[in-house]
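Written out below as structure tokens is the structure these notes cover.
The values are calculated or read from the model by the stated rules, or taken from the named source; none is laboratory data. Note that the structure is predicted; figures quoted are calculated from it, not measured. Cβ: placed from backbone, ideal geometry, glycine included. Neighbour counts: every protein chain shown.
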Amino acid sequence: MIKIFNWVTKETSIDFMKARKIAYAFSGLCFIASLALMGTRSFNYGIDFSGGILIEVKSAQVIDVEEMRKTLEVVGLDDLNLQSIGQDGTEVMIRAQAKNLDEKGQMQAVNSIKAALGTTYEYRRVELVGPQVGHELKLDGIIAAALAILAISAYIWVRFEWQFALGAMAGLIHDVCIVCGLVSLFDIDFSLTTVAAILTFAGYSMNDTVVTFDRVRENLRKYKKMPQYELLNKSFNDILSRTILTGITTLLACASLYFFGGKALQSFSFPLFWGILLGTYSSIYVSGVILNFFDLHRTSEEVKVSPFGNA
């Protein structure tokens, strides 16, 4: 363990830029695949967005999910979905679409479910969301994510230059799109909790990107005659130990949430875990390497590099 720590913290000279074309291809394929997944599979929208009824019940004994499903068929709800949660099989999440029911009708449906199940269960959670509210929440979530990306890009533009803002926006769109594709692929509930996770890892990813950009800008001032290719490589190596140590620490926390937090936290911990992993990657191989398409050097003393010669 000490040897690994010493390797991470020592000064490195890895040629990150050498693999930039492979990174372009990998990121492009992942991005296109994510768009295809979202277009063909869509999302498993949670109650927040789709509208309906969510009830969590607990029993003193292990619950037979199939037997419970047969019991609830008499209620006559659309898309009834039962899912065992927890480790011991004594808890079940009941979800049902109620698109044509108003609030009063949904309450009647909840009472019908309780009457069908009887008094042997403890009702730990009951949620009702109308279809109109669900649609509004979905729209608000999309707007929130889009505004966050635009606001972060504007901040980078003000703090650095437009080339850096372009790289930051490319990294954010890359991360958000691929994580959404993974959520669709693995059929994770897409709810307001998922939107919160997206906004969280967007902030984390941007923090990593700002650290990288700060080092690039510092080296631009410090090494005025260093070729841009080498300068970007040096900048990435300078922040490598910080990136790895911060990333591993955060990923361990997210992994704990995913594996031990139960089903209720999965819609938050799953996108957050992959978002942090992708954010660490994209801060170098998306937001960082895209800078090599531009001539970042400004003064007459600097070595000029063709904007597309080394990209």
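Listing for the model above:
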item: For Lys21: the one exception among (1) over 30 Å from Gln228 (Cβ atoms); (2) exposed (fewer than 15 other Cβ atoms within 10 Å of the Cβ); result: (1)
item: Cβ pairs under 8 Å, 6+ apart, first in the range 267-284 and among the polar types (S, T, N, Q), second not in a helix (DSSP H, G or I); result: Ser267/Gly46; Ser267/Ile188; Ser267/Asp189; Ser267/Phe190; Ser267/Ser191; Ser269/Gly261
item: Residue within the range 257-275 that is at pLDDT 90 or above and out of contact with any helix residue (DSSP H, G or I) (no Cβ under 8 Å at 6 or more places or on another chain) present; result: no
item: Subset of the range 82-113 (residues that are of a type in the set (S, T, N, Q) and either more than 35 Å from the chain's Cα centre (by Cα) or modelled with pLDDT of 75 or more (or both)); result: Gln83, Ser84, Thr90, Gln106, Gln108, Asn111, Ser112
item: Selection within the range 41-65 - of a type outside the set (A, V, I, L, M, F, W, C) and more than 33 Å from the chain's Cα centre (by Cα); result: Ser59, Gln61, Asp64
item: All positions within the range 117-150 that are at pLDDT below 85, in a helix (DSSP H, G or I), exposed (fewer than 14 other Cβ atoms within 10 Å of the Cβ) and not charged (D, E, K, R); result: Gln132, His135, Leu139, Ile142, Ala146, Leu150
item: Residue check, Ser267 in contact with a strand residue (DSSP E or B) (Cβ under 7 Å, 6 or more places away or on another chain) and farther than 19 Å from Val210 by Cα; result: yes
item: Single match in Asp187, Asp175 (criterion: among the acidic types (Asp, Glu), assigned by TED's automatic domain parsing to the domain that holds Ile244, touching a residue at least 12 places away in the same chain (Cβ under 8 Å) and surrounded by fewer than 24 Cβ atoms within 10 Å (Cβ to Cβ)); result: Asp187
item: Extreme residue, modelled with the lowest pLDDT, among residues of the range 31-81 that are of a type in the set (Gly, Ala, Ser) and assigned to a helix (DSSP H, G or I); result: Ser50
